[in-house]
1. Please turn the phi angles of region 109-114 into ³J(HN,Hα) values with the Karplus equation 6.51 cos²θ - 1.76 cosθ + 1.60 (θ = phi - 60°), one per residue in order, whole Hz, x for glycine and proline.
2. With all protein chains present, how much of the accessible area of the chain (probe radius 1.4 Å) comes from carbon and sulfur, to the nearest whole percent?
3. Looking at the chain, send over the antiparallel percent of its DSSP beta bridges, to the nearest 5.
4. Per residue of region 34-40, in order, report the coupling 6.51 cos²θ - 1.76 cosθ + 1.60 (Karplus, θ = phi - 60°) as ³J(HN,Hα) in whole Hz, putting x for Gly and Pro.
5. Quick check: residue separation of residue 19 and residue 110 times 0.36 nm, minus the Cα distance between them. What number comes out in nm?
6. Output the 0 to 90 degree angle, nearest 10, between the alpha-carbon long axis of helix 70-83 and the longest principal axis computed from the alpha carbons of the chain.
7. Just to be sure I follow the definition: excluding the sites themselves, where is the longest run in the chain that has none of the trypsin sites (Lys or Arg not before Pro) in a DSSP loop with at most 14 other Cβ atoms within 10 Å?
8. How would you classify the chain from its alpha-carbon gyration tensor, with a ≥ b ≥ c the square roots of the eigenvalues: rounded for a/c under 1.5, else prolate if a/b is greater than b/c, otherwise oblate?
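The values are calculated or read from the model by the stated rules, or taken from the named source; none is laboratory data. Because the structure is predicted, anything quoted here is derived from the model rather than measured. Here the Cβ positions follow ideal geometry from the backbone for every residue, glycine too, while neighbour counts run over all protein chains shown. Only protein heavy atoms, including side chains, enter the accessible area calculation; ligands, DNA and RNA are left aside. Shrake-Rupley method; radii C 1.70, N 1.55, O 1.52, S 1.80 Å.
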Amino acid sequence: MFYTFMARVVAPILRLLFRPQVEGLDNVPAYGPLIIASNHLSFIDSFVIPLVIPRPVTYIAKAEYFEQPGLKGRFVRWFLTTLGHMPIRRGAQRAAMGALEQAVEVLQNSGAFAIYPEGTRSRDGRLYRGRTGTGWLVLATGARVLPIGLQNTETVQPVGASLPRIVWPGRPRPVVRIGPVMDFSHYKDLPPAKARRIITDEIVETIQKLSGQDYAGTYNQSAG
C-alpha cells in the first residue's frame, strides 16, 4: 500500500521538484531478481533512483541516516524504514555481511536491491574502486546487475547540505543514465575471490562509462 501511495502521489511531486532526466529506462527488467549498482554523489541518490525505477527498490543505508536527531531525522528514519531500507554501520564487517545476507533474501524473493559499489559518497566527484561485497552478492544470488551512472545529484544536495534544492529551470538537472543489464553467470566456476574482484571491477567500469567520471583507482576512505 505504501509503495502504491509513493508511486501514485509522492513520486510525481518529487519528479516535478527534482526534474530528473532519465536515459535507458527500457533497460530495466520488469520482474526477477535485480541488483542495481550505481555511483554515489549525494544523499539524494537513494531517493532519485527509486523515483525513476518502475518497481520497488530496497537499499542498504548508512546507520547514521537512521540516527539523525530532530524532526528531519524522524522523517528520514520513517521514510527509509517504510521503504525497506536496511541500516548498516560502516566499518563493522559482521554488520556488513549481515546486511548483504538480508539483501540475498530480497533477491531470492525476486526483488530489486540497490547498492553503491564504492561504499560511500564521493566528495571530489571521482569514481572510486568498488568493494567486492557487490561481487559476493552477484555470486551468492546469480542475480543480474543493472548499472546506473548518476550525474549532477551533488548539485541538488551537496555533501553536508541538510535539505535538497528544488531544481528550477536553468539549474543542472540530475541525470540517471541506465545501462543494459549485466549477466555474470560465466564467472561462476572461477575461484570465488577472483570472481568477486573481476565482477566488481566490470560493474564499476560500466558505471564509469555511464557517469563520465574520472576513475580514482583507489578505495574511497572518506567518512562520507
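1. Computed from phi, the couplings for region 109-114 are 9, 6, x, 10, 10, 9 Hz.
2. Details: 6300 of 11190 Å².
Within the chain, the accessible surface is 56 percent carbon and sulfur.
3. Details: 5 of 24 bridges.
Of the beta bridges lying entirely in the chain, close to 20 percent run antiparallel.
4. Listing the rounded values in order: 8, 9, 9, 10, 9, 6, 9 Hz.
5. This chain segment gains 29.8 nm when fully extended.
6. Once rounded, the angle reads 50 degrees.
7. 1-88
8. rounded
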